[in-house]
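Novice: First the structure, which I've put down as structure tokens, then a few questions once you've had a look.
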2 protein chains.
Amino acid sequence: MGGVRVVGWGHRRQTREKAREQGLCDDIFEDIGQSVEGADLVILASPIGTFEEIFKKIGGYLGGETVVTDVGSTKVLPHKWAKKLPRTAHYIGSHPIAGSEQRGLEFARDDLFEKANCILTYGKKVDAAALKLLRQFWRELGCDVYEMGPARHDRLLANVSHLPHVAAAALVNASADEDLKMAGKGFMDTSRIASGPANIWTDIVTTNPENICGGIDRLVGELNKIKAAILKKDAKRIGSLLEKARAKRSKMIEFKLKKKEILS
Amino acid sequence: MGGVRVVGWGHRRQTREKAREQGLCDDIFEDIGQSVEGADLVILASPIGTFEEIFKKIGGYLGGETVVTDVGSTKVLPHKWAKKLPRTAHYIGSHPIAGSEQRGLEFARDDLFEKANCILTYGKKVDAAALKLLRQFWRELGCDVYEMGPARHDRLLANVSHLPHVAAAALVNASADEDLKMAGKGFMDTSRIASGPANIWTDIVTTNPENICGGIDRLVGELNKIKAAILKKDAKRIGSLLEKARAKRSKMIEFKLKKKEILS
């Protein structure tokens, strides 16, 4: 992406200074209007709860045919809010499935998107040139690009990301601090994502409520299947439930190794 | 541990050959009696379900004052079964909290126990010399040694190890194979332990049923707390539940960093 001018916006002075020091952008503004003026592509990377307000604020500053996207974890509501953008702006949702539980510029990594999946979301009508630009943008960052409607995205991500987050948090909350001191690597990994910022995840959970509640019900159902087998002392059934999970995960790993998304 | 003679037992010829090739022991036998004859310390490292039978089989071959231990993940039942050992043998349970989801000699690592916690379990009466030997053994391998009764061990480990395993398996089973292809690192880590061998984990689950069922109930309770807050659209409550988990995990990480059990 040579010749591209990268302009940032940040409401905290400290963040703006850090971004300048780390050379993360060519310029960074406190004024949101100024930051999007003349932009070909605008990317929202703040908590989902701020999107509606930002769409309202930037509308008047966007030039013609600007592509607007975001990196939020839910898409149905952002698509609804994006209707407030001017008709000449083209909103397409982006969800690069990458990142960690850490937050802040100090955890920036230039290989973050290497081999990551990135989902683009849009409805029946989409501007072909905008879509082409956005696809190219993520591909040049190293992503494998997938495309789907926002509703399918939110259902899918509830299963592979939002539900695991809720499960990890519930697992941590289910044990006493004193017990957790004796936790080994198994618990540490299983609970890692529970260390993610609570405000970001509250936005995710509140903007995808039905899918996450459905996921909780399915997870509780699976937990109770195992409990029922334990109460019946049915070792064969316990074994088959555990083996089913092992085999499913093994299939997933195989797929990801083949795709070189993970290395052995 | 210079001057120590390490003798193995393995029922599969292939395992015995691999162990010899890798130089994991001075000798390895197919005959279990032969493998324990003259031993000062006998360590069971097979699935828990095999312990009762092994205790019966080795009893006649143990010399006086042999220390017998195991590396199983539950302790109440092994202590009960160990009553079948001759009076001159001293059984103390060991649980080094280390390892991975992988199985087999090819995943052997000589730094596996470095900074790991190891719990020794015994009742009111314990042979002081046996305890001293076993403590020293694990410490020389790099472990921090803790001691407690088998019932407390099983309750504690249900929370930090057995429940997470059941939760990881349930989480994998709650999603379709097709969806899992889109999983990111969050899901991969949260579900890693579900790849552990189903037979080993069936033994763990069936030998610690009450504690695991209690844990499932608590986990389901925590999941339903989050669900209730989602249904009420109570963002503040969702945020406080996620923040509670984040803070608890952060305390755990701090403890483990201070103890140098994990490195930053």
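Novice: For the range A:120-129, just list the computed ³J(HN,Hα) in residue order, Karplus coefficients 6.51, -1.76 and 1.60, θ = phi - 60°, integers in Hz, with x standing in for Gly and Pro.
Specialist: 9, 10, 6, x, 5, 9, 9, 6, 4, 5
Novice: Going by amide H atoms built from the backbone, whose H comes under 5 Å of the H on B:ASP70, apart from near neighbours?
Specialist: Correct list: B:LEU44, B:SER94.
Novice: Inter-copy label distances at B:GLY59, 7 Å along the Cα→beta-carbon direction, one decimal in nm, shortest first?
Specialist: 8.4
Novice: With θ taken as phi - 60° and the coefficients 6.51, -1.76 and 1.60, list the Karplus ³J(HN,Hα) couplings across the range A:164-175 in order, rounded to whole Hz; mark glycine and proline as x.
Specialist: x, 5, 4, 5, 5, 5, 5, 5, 5, 5, 7, 10
Novice: Right, here's the next one. Which distance in Å, rounded to a whole number, links the C-alpha centroids of the range A:1-77 and the range B:71-108?
Specialist: 57 Å
Novice: Using helices alone, what [θ] at 222 nm do you get for chain B, with -39,500 (n - 2.57) per DSSP H run of 4 or more residues, divided over all residues and rounded to the nearest 500?
Specialist: Numbers: 12 runs with 127 residues, N = 264.
My calculation for chain B gives -14500 deg cm²/dmol from helical runs alone.
Novice: For chain A, what is Rg from Cα atoms divided by 2.2 N^0.38 Å, rounded to two decimals?
Specialist: Values: Rg = 21.0 Å, N = 264, 2.2 N^0.38 = 18.3 Å.
It is 1.15.
Novice: Continuing with the same structure: In nm, one decimal, shortest first: how far is the label point of B:LYS232 (7 Å from Cα along Cα to beta carbon) from the matching points in the other copies?
Specialist: 3.6
Novice: Would you please give the residues with an amide H less than 5 Å from that of A:TYR146, counting only those at least 5 places away or on a separate chain, with H modeled from the backbone geometry?
Specialist: A:CYS118, A:ILE119, A:LEU120
Novice: Another question, then. Among A:GLU30, A:GLU101, A:GLU243, whose mean-square fluctuation peaks in a Gaussian network model of chain A (Cα, cutoff 10 Å)?
Specialist: A:GLU243
Novice: A further question follows. Compare A:GLY184, A:GLY215, A:GLY93 in a GNM of chain A, Cα atoms joined below 10 Å, and give the one with the largest fluctuation.
Specialist: Maximum among the listed residues: A:GLY184.
Novice: I'd like the antiparallel share, as a percent to the nearest 5, of DSSP beta bridges with both residues in the range B:7-148.
Specialist: Details: 5 of 19 bridges.
Counting only bridges with both partners in the range B:7-148, antiparallel ones make up about 25 percent.
Novice: When chain A is modelled as a GNM with alpha-carbon springs shorter than 10 Å, which of A:LYS181, A:LYS251, A:LYS115 fluctuates the most?
Specialist: A:LYS181
Novice: Let me ask you something else. Sorted from largest down, what three extents in whole angstroms do the Cα atoms of the range A:109-151 have along their principal axes?
Specialist: Between the extreme Cα coordinates on each principal axis of the range A:109-151 lie 34, 23, 13 Å.
Novice: Another question about this same structure. Which of the cysteines in chain B are isolated, no other cysteine C-beta under 4.7 Å?
Specialist: So, B:CYS25, B:CYS213.
Novice: Using all C-alpha to C-alpha distances in the range A:154-258, build P(r) with 5 Å bins and read off the rounded percent in each one.
Specialist: Over the range A:154-258, the share of Cα pairs per 5 Å bin runs 2, 10, 15, 19, 21, 19, 10, 3, 0 percent.
Novice: In addition: Can you list the distances in nanometres, one decimal and ascending, from the A:ASP177 label point to the identical position in each other copy, with the point 7 Å along Cα to Cβ?
Specialist: 4.6
Novice: While we're here: Per the Kirkwood formula on distinct C-alpha pairs, the Rh of the range B:7-148 is how many angstrom?
Specialist: Numbers: mean 1/r = 0.0637 Å⁻¹.
So the Kirkwood estimate lands at 15.7 Å.
Novice: Starting from 0 in steps of 10 Å, tell me what percent of the Cα-Cα pairs of the protein assembly as shown lands in each bin.
Specialist: Once binned at 10 Å, the Cα pair distances of the protein assembly as shown give 3, 17, 25, 22, 15, 10, 6, 3, 0.
Novice: On a 31 Å Cα-Cα criterion, which of the cross-link pairs A:LYS124/B:LYS181; A:LYS124/A:LYS225; B:LYS84/B:LYS260; B:LYS185/B:LYS233 come out too long?
Specialist: On the way: A:LYS124/B:LYS181 25 Å; A:LYS124/A:LYS225 40 Å; B:LYS84/B:LYS260 40 Å; B:LYS185/B:LYS233 28 Å.
Listed pairs above 31 Å: A:LYS124/A:LYS225; B:LYS84/B:LYS260.
Novice: Considering only DSSP beta bridges with both partners in the protein assembly as shown, what is the antiparallel share in %, to the nearest 5? Kindly include the intermediate steps, with their values, before the conclusion.
Specialist: Values: 10 of 38 bridges.
Percentage antiparallel, nearest 5: 25.
None of the figures in this text is laboratory data; all of them are computed from the coordinates on show. All values derive from a computational prediction rather than experimental measurement. Every residue, glycine as well, gets a Cβ built from its backbone with ideal geometry; the counts of neighbours run over all protein chains shown.
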